[in-house]
Protein chains: 2
Amino acid sequence: MSDYQAPLRDILFALDTFCDLDEIAALPGFEHADRDTVAALVEEAGRFMADVVAPTNRVGDEVGARLVDGEVVTPPGFADAYGRYVDAGWGGVPFDPEYGGGGFPWAVGLVLQEILTSANMAFSMCPLLTQGAIDMLSHHGSTEQKQTYLPKMITGEWTGTMNLTEPEAGSDVGALRTRAERAEDGSYRIVGTKIFISFGAHDMAENIVHLVLARTPDAPPGTKGISCFIVPERLVGDDGSLGERNDVRVASIEHKMGINGSPTCVLSFGDDGGAIGYLIGEENAGMAYMFTMMNNARLSVGLEGLALAERAWQPTLRFAHERLQGRAPGAPRGESSPIVEHPDVRRMLLTMKAYIDAMRALLYLNAASMDRAAHHPDPDVRERSQELVDLLIPLSKAWSTDLGSVVTSLAIQVHGGMGYVEETGVAQHYRDARITSIYEGTNGIQAMDLVGRKLPMRAGGVVADHLGRMREVLDRLDGELSDAGVQLAAAIDATEAATRSVLERGAADPSDALAAASPYLRILAVTTGGWLMARQALAARDAAAGARSDDERTSLEGKVAVARFFMEQLLPEVHGLVPAATAPAAGLYAVDPSVLAP
Amino acid sequence: MSDYQAPLRDILFALDTFCDLDEIAALPGFEHADRDTVAALVEEAGRFMADVVAPTNRVGDEVGARLVDGEVVTPPGFADAYGRYVDAGWGGVPFDPEYGGGGFPWAVGLVLQEILTSANMAFSMCPLLTQGAIDMLSHHGSTEQKQTYLPKMITGEWTGTMNLTEPEAGSDVGALRTRAERAEDGSYRIVGTKIFISFGAHDMAENIVHLVLARTPDAPPGTKGISCFIVPERLVGDDGSLGERNDVRVASIEHKMGINGSPTCVLSFGDDGGAIGYLIGEENAGMAYMFTMMNNARLSVGLEGLALAERAWQPTLRFAHERLQGRAPGAPRGESSPIVEHPDVRRMLLTMKAYIDAMRALLYLNAASMDRAAHHPDPDVRERSQELVDLLIPLSKAWSTDLGSVVTSLAIQVHGGMGYVEETGVAQHYRDARITSIYEGTNGIQAMDLVGRKLPMRAGGVVADHLGRMREVLDRLDGELSDAGVQLAAAIDATEAATRSVLERGAADPSDALAAASPYLRILAVTTGGWLMARQALAARDAAAGARSDDERTSLEGKVAVARFFMEQLLPEVHGLVPAATAPAAGLYAVDPSVLAP
């Protein structure tokens, strides 16, 4: 049996509470995605990922992906599990039925992705990157390109990659140098080196569709001169048959702290003259196209934080019940207590669970807002939903990935010395989690995006709407939720003041906004988490009143208690961050850091 | 050349500012430890550790300690470096000259230990454990035991271990089961299994002196029935010659997330009938003896947080100057800036450095207070100093080790994707750091120690004195330090209120104090850090006014700026923690965590 079990009850609660699943299912095109169907789908996914994928997680970490005679060999079991994943059709759930997809809401796709990622994050990156490539082709590929690539990618028979990073172009994508020259047949010849390409080569599928950012000879400098190309590992004939190998090879794979099962490749394009590439859309529009898929990709990486936190939480909760150590307050003399009875262990466990619930709420809300933005019949709702999506994305990405490290670290701490021993398993989650704050835009980049692009939307109107929406819940926080309500109101006040400060100072001097960016992002994220936990508490309280069984009521009361803990004890963090978020940039430049060298 | 360089300037500044080195050197017995001698010693240690020890760090992590044919083989270079360490006499600096030690203040020993640990933490654990064993024998061994073991241990020719943990006895030491039966010759026969024994076996020295906690047959249960034994790996003849091997063997070594160069052993005592052990002091007094050495051990582990932070900081600062990426505010269009110019990168760098300075201040102050407590001619000063030591120890251990993870994590973040690649080196420090929050009393245990044992000292008088001492600095925080002073005053106020709450509620119900323990510890530690940074700012401001060179003045102004950053932007964290530190335990028990299982 797997040591991971999909948290179906929590997932459905979050779908109901934060996605309004019934409303999403009523959107045009989603009629088949009613609650029962979704619940059955999630349950089936839970079984599959626990039985087939989760058992590959540990060996994936221990053995890792290897480079053997110039070819990437994935860890034992990966290829088999991937074959079964493709056969079961899990990769196509949220995509266009015209190309073989399931046509389910993005929120449902995200739920499946959570379960897959909890089962094996390194493994999940192959479908995740494929999803990004599908997303790009769906939006910007020609009809012919879509017909050639999408059906095989949606089944998962072919996988996808995103080739952005180069040695001198990381956060600064505009610095990339890979060249693309137009050939006489209208295709391009690509020459250059890309690094950090997840699943850039592997033995799990018959073809890999690389999407590659490159510059044409006359392209303008920076991000305005980037074009996007399809560079299949094996060329595809007009009849869809696979032809010879393209001029792409793996130069090496990285030795990383975690996600060892995921081959992180250095790809060399054009060593033999030039890899054949096909332009997507227009030349020099590559960066604009990247932006259209960025929200999905960033949401998915935020989700990795949640998924690892959930994976680490489950064995930690079991361990805390099984491990006897010391006498807890009130326990009989001479008896050892399960450590779950010790106050400080409880604090760690509640902190883990509260962050997990808050992350799930935020990420699911974000995904459902994407569905509304794309499918709602009312253009006004679409527009407002898209604004909320854009505002939430940096929070979903940065806060969830930072919390992924926090929660997996607490998992180690609860395990004590055993947590530091690799065989226990929780150390892997901590190592895996650390990359998520870095890739798909570092969390510093997310913070810059928030203060530089998102706060100024509608001259601050979007964030003002969000603050107003958060206040709406306050009136209902009565009874046992009163103290939590006081904390939430104080947090919203503090967030509003910090928001005003960042907006006003940023308008006068962008440096001040950038200096404030990271602590401000955290403030907005934690307060948003507090608001979502208020909604959780209210929904669970209401549902508990009408519970059909003791078990159901107890579980719902647990969700109230966890939400209260968040609001009363974790949410106040924002007050400690306000001085940093409202300080001018000058404090950061008061010293030339080189004088701090030893 | 090593990529690590001992931060001599910072170390001497901290010794002068927080230890009052001249005063320490004037204590009886320390007359030879004048400032010039200490400075020369530290400089020489810096050279040695950088040249000899630091180069073994990476290979120690990559190869790790291995178990080959039942014997532990340390990583390449470890035995040679250790031999040179012994030849140079570094291990004996703070110990009793009567047994060959250097008789230097503990604060000076701690400085050398910082440098050694920065050079290679895994390696440093061998001298660290030896130091603990020396400490125990010095205080509680018989004259004969001291004469037999101390000289060889102080030179480092023999190393030491501490054997406490067993599979069912981790934080709960009192649950240990290893048996010790008295033999006719007055020695004991030890039978049992110990786990997590650092350097429990190795190939770097000719003998290992295990100190083993065990129970005699008629011992009372729990911590009151623990005795402490010397169990040498090789028996020692009356003439000091090494005899046959004792009945101790390595059953296995752990596969850990970090400190791979340090063999973490499962030791099996008495498989062939019983290992020969010699009682230290009295039966059943073992736990009391452990307490006398606990402060030193906990301070040393706190120091590991600082040492790893410093080690990770140095390459990160260099990288931030060398790595060009994006355009910083104010930089010319079309040019890439060193990332050190980006506000968010500066925030990360200043955060790292501010925490490093604050940790060093706290740890050195703590060590100097130990010297005063042990050597000051005035018994009143000794008593007050010991109280301060006892109060600070849990802060030194828990806060510094947590910050070790924070700072090494920031080192990875500044490096971006490269930070996650093992070859870069900073990932190792992050992995190494994670154990420090766990061993030598988990940080939860430290927090329980603080609220359960330390706050109640003199009915709260000790912590009240500390708060008063912190207030004394406020008057001098004028001019550019005014804002920082306002923050420090607010933090002290908040800490005072939280202290009162924990003391009052804890008196009524210990559970409430235990529930508050971790956030309260953090509050007291951060505020103490703020006070120390205020002292740093004042001392550096005064010294800058009399600086003898531009270079010196610039460096001192840097220390002012770093201290201000701490006080203005990091110190306010305390306000976000107050609600958790003043909440009743009930919130932690509002839900039975088992209902939160998936």
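One table, with the values for the structure above:
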item	result
Charge dipole magnitude, Cβ of K and R +1, D and E -1 - the range B:7-149, Cα centre, debye nearest 20	380 debye
Under 13 Å, Cβ to Cβ, from residue B:127 - net charge with Lys/Arg +1 and Asp/Glu -1	-3
Point-to-point label distance, residue B:47-residue A:504, nm (Cα→Cβ direction, 7 Å offset)	5.8 nm
Under the Karplus curve 6.51 cos²θ - 1.76 cosθ + 1.60, θ = phi - 60°, whole-Hz ³J(HN,Hα) for the range A:395-406, x wherever Gly or Pro sits	5, 4, 6, 6, 5, 5, 6, 4, 5, x, 5, 4
Calculated P(r) of the range A:442-590 - Cα pairs past 27 Å, %	31 percent
Inter-copy spacing of residue A:554 label points, which lie 7 Å from Cα along Cα→Cβ, given in nm from shortest upward	6.7
Fewest-first ranking of A:4, A:278, using other Cβ atoms within 10 Å as the exposure measure	A:278, A:4
Karplus (6.51, -1.76, 1.60) ³J(HN,Hα), θ = phi - 60°, over the range B:109-116, in Hz, Gly and Pro reported as x	x, 5, 4, 5, 5, 4, 5, 4
Averaged over B:583-590, number of beta-carbon atoms from partner chains that fall within 10 Å	6
Calculated label separations, residue A:239, copies of the chain, 7 Å along the beta-carbon direction, nm	9.3
Residue B:66-residue B:177 FRET efficiency (beta carbon distance; Förster radius 35 Å; 0.05 resolution)	0.75
Interchain or long-range residues, amide H under 5 Å from residue B:421's placed H	none
Normalised per residue, the volume of the convex hull around the Cα set of the range A:194-331 (Å³)	195 Å³
Kirkwood Rh, Cα atoms: Rg over Rh of chain A	0.97
Equivalent-ellipsoid semi-axes of the protein assembly as shown, from the Cα gyration tensor, Å, largest first	50, 33, 32
Axis-proximal residue, chain B, for the rotation superposing B on A (Cβ, Å)	B:576, 2
Relative contact order computed over chain A (Cα-Cα under 8 Å; 6+ residues apart), in percent	12 percent
Long-range amide H partners of residue B:203 with built H, under 5 Å	B:74
Cα gyration tensor, the range B:265-386 - rounded (a/c under 1.5), prolate or oblate	oblate
Pairwise label distance in nanometres, residue A:144 with residue A:16, each label 7 Å out on the Cα-Cβ vector	5.2 nm
Cβ-based exposure ranking for A:414, B:93, in which fewest neighbours within 10 Å come first	B:93, A:414
Furthest towards positive pole of dipole, B:345, A:308, A:170, structure part the protein assembly as shown, Cβ charges	B:345
Under 16 Å from the residue B:37 label point (7 Å along Cα→beta-carbon), backbone N, the range B:1-23	B:21-23
Inter-copy separations for residue A:282, label at 7 Å along Cα-Cβ, nm, ascending	9.0
Bins of 10 Å, starting at 0 and running to the largest distance - Cα pair percent for the range A:211-284	17, 36, 34, 13, 0
Flagged links, alpha-carbon separation over 23 Å, of B:256/B:454; B:353/B:397; A:397/A:454; B:397/B:454; A:256/A:454	B:256/B:454; A:256/A:454
Percent of C-alpha pairs per 10 Å bin, the range A:54-196, short to long	10, 32, 34, 22, 2
Within 10 Å of each Cβ in A:535-544, the average number of Cβ atoms from other chains	0
In sequence order, calculated HN-Hα J values of the range B:200-217 (Karplus, 6.51, -1.76, 1.60; Hz; x Gly/Pro)	x, 7, 5, 10, 9, 8, 7, 8, 10, 9, 7, 9, 10, 8, 8, 10, 7, x
Long-range amide H partners of residue B:281 with built H, under 5 Å	B:142
Ratio of the Cα radius of gyration of the range A:521-598 to 2.2 N^0.38 Å, where N counts its residues	1.77
Long-range Cα-Cα pairs in the range B:282-347 (distance over 18 Å), rounded percent	61 percent
Long-range Cα-Cα pairs in the range A:1-111 (distance over 25 Å), rounded percent	34 percent
Reachable aspartates and glutamates, given that their alpha-carbon falls under 20 Å from the alpha-carbon of residue B:152 and they are not under 8 places away in the same chain	B:80, B:87, B:96, B:98, B:135, B:144, B:203, B:206, B:233, B:238, B:239, B:244
Convex hull volume per residue in cubic angstrom - Cα atoms of the range A:363-522	150 Å³
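Computed from the coordinates by the stated procedures, all read-outs in this text should not be read as laboratory data. Nothing here was measured: the structure is a model prediction, and the numbers come from that model. All Cβ positions, even for glycine, are placed from backbone atoms using ideal geometry, and neighbour counts span all protein chains on display.
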